[in-house]
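Asks: This is the structure I have questions about; it appears just below.
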Amino acid sequence: MASDQFAIETRGLRKEFGRTVAVKGLSLQVPRGEIFGFLGPNGAGKSTSIKMLLGLVRPTGGDAIVLGAPAGTVDTRRRIGFLPEDFRFYDWLTASELLALHGRLCGMEHAALRRRVPEVIEMVGLTPHADRRLRGFSKGMLQRIGLAQALVHEPDIVFLDEPTSGLDPIGRRMVRDILRAQRDRGATVFLNSHLLGEIEITCDRVVFIKEGEVVAAEDLRNRSRDETRVLVAAHNVSPSALAGLERWCTAVVADGDQLSLTTRSKELVPEIVRHLVSSGAEVYEVVPQREPLEELFVRIMGKDPGL
Amino acid sequence: MNGLWIMAGITFREAARRRILWTALLCGAILLAIFAIALRLQVDEFQSRPMSPFVRYQVESGMLMIGLYTCDLLAVVMTILTSIDTIAGEISSGTIHAIATKPIARWQILGGKYLGFAAMVSIYVLLTFSGTVAVAYAVTGVLPEHPMVGAALIIFECLIALALTFLFGTWFSTLTNGVIVLGLQGAAFMGGWLEQVSGFSQSAQIVTLGVWSSLLMPGESLWRRAAYEMQTPLAGSLSFSPFANVSIPSGTAVAYAAAYLAVVLAIATYHFNRRDL
Ligand SMILES: Nc1ncnc2c1ncn2[C@@H]1O[C@H](COP(=O)(O)OP(=O)(O)OP(=O)(O)O)[C@@H](O)[C@H]1O
Ligand SMILES: [Mg+2]
């Protein structure tokens, strides 16, 4: 069965709000056990798509299968965690009370919660604030407790709508570690964020959406096999050594001690270094220049036409 | 089913924290104090001149009705003000997103919230109602007839107002919701008076208008039924006021109100189930 392989599958998923088309026809397949990034400019329909997958918003067309069942059923939701775009909750609850409440809503027993709640609070770094009311929480602290509430029942899929917004660099690193830990225990993570640097180091795979349609997909783990530019700083590179580089490189530009090489794959870099060293060159620096995700994003989305 | 009770519990705690509730309780206490002073003055005045015990009893029980009517009005207004933003507010703040993605059905969210508020409102009514009765008894020695039925009918009236704020809360913003429900409450009030007037004027059109207003929003007719249940048997002939009942809402009117409540809640649930959050 195809749905065994994919945690999420959508076909032509569509949502119109009156005359605005928020999501035009989203077709996606999210493999199980991966961290999946969902990218796109403001207003592309990311939040709306997530809400459809969760059953918060009723699609006007197409279909969506989550964990082998139609999206949004009560049973599917048992295995789903969700961090909303802007997490808000009754501010008179303490962090622990909030997690206990959400755990109970997910059907967890008291005994399990007594063990689990401190564990999740620890995970998001809020242990010193466990018994403080949410009223006194900063935006980043709310974001952390929101993340904890999405994970308290150890769901099979976690949906995160901009999980790192409002977090400090340590918090962002924490989120990254948490997401990897989720993947390592076998969960699927579906997230959307504008912080492409984060996405780049966290996600296994990304899709780009624009006006509610997938316009590109990218497997980030395989990007090292793509054509790569490599900057090399080296002394004493003989003309023959330079000529020999043609074997691995599609383009070689030498500028004094700086070489700019374009190779078919990052995996060829060690051989290039070996070649240079054995030809008598002194190599100081080798820096592969992967196209940053941001540039890829801009290239795919084109110029900002304004919202 | 579990989700329903969890929602009811959390909503009760949320509702009990509303500042409006505590303000309303404070208002209730102040009004009760005024009521006690008024009764006291009345009793003193009665003692200063000869008066038939029967007339005295009627006046005192009439004053008790004024006290209970105040209770009723305050309870309805408190119910509306505390509950208008529970649905609309949580939708616009996004609080609902974290709840509605949990493995509980939407009807359980709505039903649980309703139960939580219903419990809070019931306790409020029982407190202010028994306070009023106790004060009146302490000062004058007069007790209402069938106080339990009276209190139950007042709670019922509040539950109707509550159901309406839930219904319109699934459609409109907090403010619009408040305006609509207070407007309907006004219609009910008007309906009650028109039916009273009709007892005297015998104009068929006025009766019809009154009945239509009461059908649109049957809350006020429950108060009039409550007043009828609680007043002394002879008081009905006394005066022209919302406390004396020229036209008493029948058992059918109460049954209509129950059906109305059920339909309003059913529509609210249906709509909440389908709407985007
Ligand atoms: N409830 C709604 N009613 C009407 N239009 C809506 C509603 N929700 C979203 N939209 C519209 O749908 C489009 C997609 O919105 P959505 O929130 O999904 O974008 P997004 O990709 O999450 O953007 P961002 O990156 O800014 O969060 C926007 O044009 C928005 O105006
Ligand atoms: Mg968004």
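Asks: State the number of residues belonging to region A:72-95 that are in contact (Cβ under 8 Å) with a residue 24 or more places away in the chain and either within 16 Å of ligand 2 (Cβ to nearest atom) or open to solvent by 30 Å² or more (accessible area, probe 1.4 Å) (or both). Step through it out loud before you land on a result.
Replies: Initially, region A:72-95 is screened for residues in contact (Cβ under 8 Å) with a residue 24 or more places away in the chain, giving A:78-85, A:87-95.
Narrowing further to those that are either within 16 Å of ligand 2 (Cβ to nearest atom) or open to solvent by 30 Å² or more (accessible area, probe 1.4 Å) (or both): A:78-79, A:82-85, A:87-88, A:91.
Qualifying residue count, region A:72-95: 9.
Asks: Here is a further query. Which of the residues that make up region B:77-96 are farther than 16 Å from B:F168 by Cα and surrounded by 23 or more Cβ atoms within 10 Å (Cβ to Cβ)?
Replies: Hit for region B:77-96 is B:M78, nothing else.
Asks: Do you know which residues across region A:11-51 are within 21 Å of A:G197 (Cβ to Cβ), of a type in the set (A, V, I, L, M) and more than 14 Å from ligand 2 (Cβ to nearest atom)?
Replies: If the condition is that a residue be within 21 Å of A:G197 (Cβ to Cβ), of a type in the set (A, V, I, L, M) and more than 14 Å from ligand 2 (Cβ to nearest atom), then A:I35 is the only one that fits.
Asks: Then there is this: Kindly establish whether B:L175 is more than 15 Å from the chain's Cα centre (by Cα) and modelled with pLDDT of 80 or more.
Replies: yes
Asks: Additional query: Would you pick out the residues in region A:153-174 that are away from ligand 2 (no atom under 16 Å from the Cβ), touching a helix residue (DSSP H, G or I) at 6+ places or on another chain (Cβ under 7 Å) and either polar (S, T, N, Q) or more than 21 Å from A:K51 (Cβ to Cβ) (or both)?
Replies: Within region A:153-174, the first condition is being away from ligand 2 (no atom under 16 Å from the Cβ), and the residues that meet it are A:153-158, A:167-174.
Within this subset, residues satisfying the condition of being touching a helix residue (DSSP H, G or I) at 6+ places or on another chain (Cβ under 7 Å) are A:153, A:158, A:167-168, A:171-172.
Those that are away from ligand 2 (no atom under 16 Å from the Cβ), touching a helix residue (DSSP H, G or I) at 6+ places or on another chain (Cβ under 7 Å) and either polar (S, T, N, Q) or more than 21 Å from A:K51 (Cβ to Cβ) (or both): A:L167, A:D168, A:G171, A:R172.
Asks: Do you know which residues across region A:176-191 are within 16 Å of ligand 2 (Cβ to nearest atom) and surrounded by fewer than 23 Cβ atoms within 10 Å (Cβ to Cβ)?
Replies: Within region A:176-191, no residue meets the criteria.
Asks: Give region A:105-158 a look and list any residue that's in contact (Cβ under 8 Å) with a residue 12 or more places away in the chain and farther than 15 Å from A:A95 by Cα, or say none.
Replies: Scanning region A:105-158 gives A:C106, A:G107, A:M108, A:H153, A:E154, A:P155, A:D156, A:I157, A:V158.
Asks: To continue, here is another question. Which count do you get for residues in region A:184-202 that are touching a Ser or Thr at 6+ places or on another chain (Cβ under 9 Å), within 24 Å of A:L13 (Cβ to Cβ) and away from ligand 1 (no atom under 16 Å from the Cβ)? Can you show your working first?
Replies: Of all residues in region A:184-202, those touching a Ser or Thr at 6+ places or on another chain (Cβ under 9 Å) come to A:189, A:191-195, A:198-199, A:202.
Still in the running and within 24 Å of A:L13 (Cβ to Cβ): A:189, A:191-194, A:199.
Next, only the ones that are away from ligand 1 (no atom under 16 Å from the Cβ) stay: A:189.
Adding up the residues that qualify gives 1.
The values are calculated or read from the model by the stated rules, or taken from the named source; none is laboratory data. Owing to the predicted nature of the structure, the values given are computational and were not obtained by experimental measurement. Glycine also receives a Cβ, built like all others from the backbone with ideal geometry; neighbour counts cover every protein chain displayed. Remember, those area values only see protein heavy atoms, side chains included, never the ligands or the DNA or RNA. Shrake-Rupley method; radii C 1.70, N 1.55, O 1.52, S 1.80 Å.
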